[in-house]
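Enquirer: Shown below is the structure under consideration.
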Amino acid sequence: MIAKDMTVVLVGCGNMGFAMLRGWMANRTLQRGNVHVVEPLDTLRMRAEEQGVHVHSTAATLPAAMAPAIVILAVKPQVIGDVLADYGRYARPGSDTTFVSVAAGVRIDRLERALAPGAPVVRVMPNTPAAVGQGAMVICANPSVSKRQLAAVRQLMEAGGEVTEIADETLMDAVTAVSGSGPAYVFHLIETLGAAGRSAGLPDDIAGRLAMQTVFGAAAYARQSADDPGTLREQVTSPNGTTAAALDVLMRPGGLSALIEEAVQAARDRAVELGR
């Protein structure tokens with residue numbers, strides 16, 4: 001469980017790091033005074049400062065005597081190797097720090113090599129809806145992570161939404177492609193549905209609102225329903241009706257299903273490349 005006096009270091013406050021930070025502050029999961037954000041970019045540091053936490057431009061200004069319970073690495077996979085060098089001191093023998101990485105594609109063994117043999121490491125794939133408590137997070141830990149440490153990481157992630165734990169790390173690339181990148185697919189659906197509404201003659205503001213609420217409402221309804229999405233689709237599709245006419249387009253060969261499958265595979269392949 002998360003102790004009130006637990007210190008957390010968030011390395012990187014880009015879109016994903018900031019989404020998690022906003023979620024923790026909104027839910028009062030962590031005390032503001034116990035959170036340290038390390039972010040080199042001025043604009044990103046400024047928005048972190050607005051959350052009332054400690055903000056640093058480099059790891060060098062972190063309190064020398066600080067022993068963080070969790071260090072969260074929310075940086076791009078291309079730079080994580082360079083970043084890890086600044087936090088190896090927290091992986092020394094006797095340390096109780098858990099390292100949490102949200103870098104897509106970066107394997108646990110690579111993180112261990114950069115930190116220290118036997119360092120407690122948890123890979124997490126969150127997504128940006130965590131900022132409003134509606135995220136989908138998947139965690140995978142190495143054997144060095146104790147039950148207590150894993151419980152603390154899980155509780156921290158649960159502040160941003162739903163958490164699923166997996167034991168097979170090879171599945172993380174697929175997780176990245178589905179839930180990690182998934183919000184962008186949904187945002188694009190909202191974008192294109194609104195644009196199609198405008199093309200059909202609706203005013204801009206009405207088309208946008210209808211698209212947004214339709215996607216939100218359908219997801220909420222599907223979440224609460226005992227029926228699977230396929231059954232729900234069938235329930236609202238009258239034979240030879242308007243919905244059927246639209247689905248004839250979306251479900252034809254090469255339609256939406258094929259495009260989504262191709263998109264997820266492309267994202268998964270890229271996650272694999274980033275981990276090399």
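Enquirer: How many of the residues making up region 23-55 are more than 13 Å from residue 7 (Cβ to Cβ), modelled with pLDDT of 90 or more and of a type outside the set (A, V, I, L, M, F, W, C)?
Expert: Within region 23-55, residues that are more than 13 Å from residue 7 (Cβ to Cβ), modelled with pLDDT of 90 or more and of a type outside the set (A, V, I, L, M, F, W, C) number 10.
Enquirer: Report every pair of residues separated by at least 6 positions or lying on different chains whose Cβ atoms are under 7 Å apart, first residue within region 128-148 and more than 8 Å from residue 161 (Cα to Cα) and not assigned by TED's automatic domain parsing to the domain that holds residue 187, second β-branched (Val, Ile, Thr) and surrounded by fewer than 17 Cβ atoms within 10 Å (Cβ to Cβ).
Expert: Qualifying pairs under 7 Å: 138/164; 138/166; 140/166.
Enquirer: Something else about it: For region 87-96, enumerate the residues that are part of a loop (DSSP other than H, G, I, E, B), free of Cβ contacts under 8 Å to residues at least 60 places away in the same chain and in contact with a strand residue (DSSP E or B) (Cβ under 9 Å, 6 or more places away or on another chain).
Expert: Those that are part of a loop (DSSP other than H, G, I, E, B), free of Cβ contacts under 8 Å to residues at least 60 places away in the same chain and in contact with a strand residue (DSSP E or B) (Cβ under 9 Å, 6 or more places away or on another chain): none in region 87-96.
Enquirer: Report yes if some residue within region 22-31 is exposed (fewer than 12 other Cβ atoms within 10 Å of the Cβ), in the same structural domain as residue 80 (by TED's automatic domain parsing) and not hydroxyl-bearing (Ser, Thr, Tyr); otherwise report no.
Expert: Yes, because at least one residue in region 22-31 is exposed (fewer than 12 other Cβ atoms within 10 Å of the Cβ), in the same structural domain as residue 80 (by TED's automatic domain parsing) and not hydroxyl-bearing (Ser, Thr, Tyr).
Enquirer: If you don't mind, another one. Is it the case that some residue within region 54-64 is surrounded by 13 or more Cβ atoms within 10 Å (Cβ to Cβ), in contact (Cβ under 8 Å) with a residue 60 or more places away in the chain and not in a loop (DSSP other than H, G, I, E, B)?
Expert: For region 54-64, residues surrounded by 13 or more Cβ atoms within 10 Å (Cβ to Cβ), in contact (Cβ under 8 Å) with a residue 60 or more places away in the chain and not in a loop (DSSP other than H, G, I, E, B): absent.
Here is a yes/no grid of residues against (1) over 21 Å from residue 136 (Cα atoms); (2) at pLDDT below 95; (3) loosely packed, with under 12 Cβ neighbours inside 10 Å:
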site	(1), (2), (3)
189	no, no, no
197	yes, no, no
201	yes, no, yes
206	yes, no, no
216	no, no, no
228	no, no, yes
247	yes, no, no
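Enquirer: Criterion first (at pLDDT below 95 and out of contact with any Leu (no Cβ under 8 Å at 6 or more places or on another chain)) does residue 176 satisfy it?
Expert: Criteria met by residue 176.
The values are calculated or read from the model by the stated rules, or taken from the named source; none is laboratory data. Computed from a predicted structure; not experimentally measured. Quick reminder, even Gly has a Cβ in these numbers, built from the backbone with ideal geometry, and neighbours come from all protein chains shown.
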